[in-house]
Amino acid sequence: MRLATVSGRLVLLPANGTGAIDVEHATGGRFGPDTMAALERWDELVDALQGIEAPAEPIEPGQLQAPVPMPRQLFAIGLNYADHAAESKMPLPPAPLVFTKFPTCLTGPYATVELPSDNVDYEVELVVVIGRRADRVSEDQAWEHVAGVTIGQDLSERVVQLTGTPPQFSLAKSYAGFGPTGPALVTLDEIPDPGALGIGCRVGEEVLQDGNTKDMIFGIPELIARLSHVCPLLPGDQIWTGTPDGVGMVRTPKRYLAPGETLTTWIDGIGELRTSFVAASDHKTRD
Ligand code: ZN
């Protein structure tokens, strides 16, 4: 099942075919249009949408918004792929390195994003979305609490991030539009093993990252177990599970995103994001 948000309304994207099925209309009002409210009733929602037959209305891809528009908590994991830790010249973390992207940074799969400077980097990430509240759950119980997965692009302003000690992960990764997600929240019945998916991003034909989620240091069940032993995880909450190697800041010369470029971010079985960039009105050139 693929859930998305169009014009602020929860929709189901049909498995075969195009367009979108409005969930409020298709369920006869059992669910309203609000995605966050529907996620709160995850089991009931899956039940209601199982095998539902309703006409799909045509949509333009550009109408798709962030599938989960405003999660209450967004956890992100730094240095969760060994090859990315190595290219960053950082030791492997002994425990997950956790920061947040403030949820106002979230945007849709085909967004145009303003670049505040010439120092904005890309990080493709598999994003896990919680469906059932998880409070101190074990690794064995972890998947039962997952609604599905989506793609995230963890855009990062590296000068803001790396000025001073310790670094400013959360702020530097939370400019408006720095969290493209989508194209849909894909439930686990469509993704046999989220821990073995090709994952990458490119600008035109220039492949920037090309990895596999099997290379995570802390896998999804362990992340859910560890996080839920500190914070209860709530329906709609997101875990951004880290990025493989290939980021722009460690290249010589650095490879940052420029106005006019379009970044395609993909994960096998989920789809792709296409993010276009323009200069912000207060855009700063490289230091
Ligand atoms: Zn990241």
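The values are calculated or read from the model by the stated rules, or taken from the named source; none is laboratory data. What you are looking at is a predicted structure, and each value in this text was computed from that prediction instead of being measured. Cβ atoms come from the backbone with ideal geometry, glycine included; neighbour counts cover every protein chain shown. Just so you know, the surface numbers come from the protein's heavy atoms only, side chains and all, with ligands and any DNA or RNA stripped out. Shrake-Rupley method; radii C 1.70, N 1.55, O 1.52, S 1.80 Å.
Of all residues in region 215-249, those satisfying the criterion of being touching a helix residue (DSSP H, G or I) at 6+ places or on another chain (Cβ under 9 Å), part of a helix (DSSP H, G or I) and open to solvent by less than 50 Å² (accessible area, probe 1.4 Å) are 220, 221, 222, 223, 224, 225, 228, 248, 249.
A single entry from 74, 45 fulfils the requirement of being out of contact with any Gly (no Cβ under 6 Å at 6 or more places or on another chain), in the same structural domain as residue 97 (by TED's automatic domain parsing) and open to solvent by less than 20 Å² (accessible area, probe 1.4 Å): 74.
Taken over region 214-227, the criterion of being closer than 27 Å to residue 36 by Cα and touching a Ser or Thr at 6+ places or on another chain (Cβ under 9 Å) is satisfied by 219, 220, 221, 223, 225.
Can you list the strands (runs of 3 or more DSSP E) found entirely within region 37-156 that contain at least 3 residues being at positive phi, basic (Lys, Arg) and away from the ligand (no atom under 16 Å from the Cβ)?
none
Within region 171-196, residues that are assigned to a strand (DSSP E or B) have Cβ atoms under 8 Å from residues that are among the polar types (S, T, N, Q) and open to solvent by 20 Å² or more (accessible area, probe 1.4 Å) in these pairs: 179/107; 180/107; 181/107; 182/65, counting only partners at least 6 apart in sequence or on another chain. No other residue among 276, 281 is part of a strand (DSSP E or B), at pLDDT 95 or above and surrounded by fewer than 14 Cβ atoms within 10 Å (Cβ to Cβ) apart from 276. Residue 50 falls short on exactly one of the conditions (1) within 14 Å of the chain's Cα centre (by Cα); (2) surrounded by fewer than 16 Cβ atoms within 10 Å (Cβ to Cβ), and that condition is (1). Scanning region 225-269 for residues that are of a type in the set (A, V, I, L, M, F, W, C), in contact with a His (Cβ under 8 Å, 6 or more places away or on another chain) and closer than 25 Å to residue 201 by Cβ returns a single hit, 247. Let me confirm something: among 271, 177, which residue is outside the structural domain of residue 60 (by TED's automatic domain parsing), open to solvent by 10 Å² or more (accessible area, probe 1.4 Å), within 16 Å of the ligand (Cβ to nearest atom) and at positive phi? Just one listed residue meets the conditions, 177.
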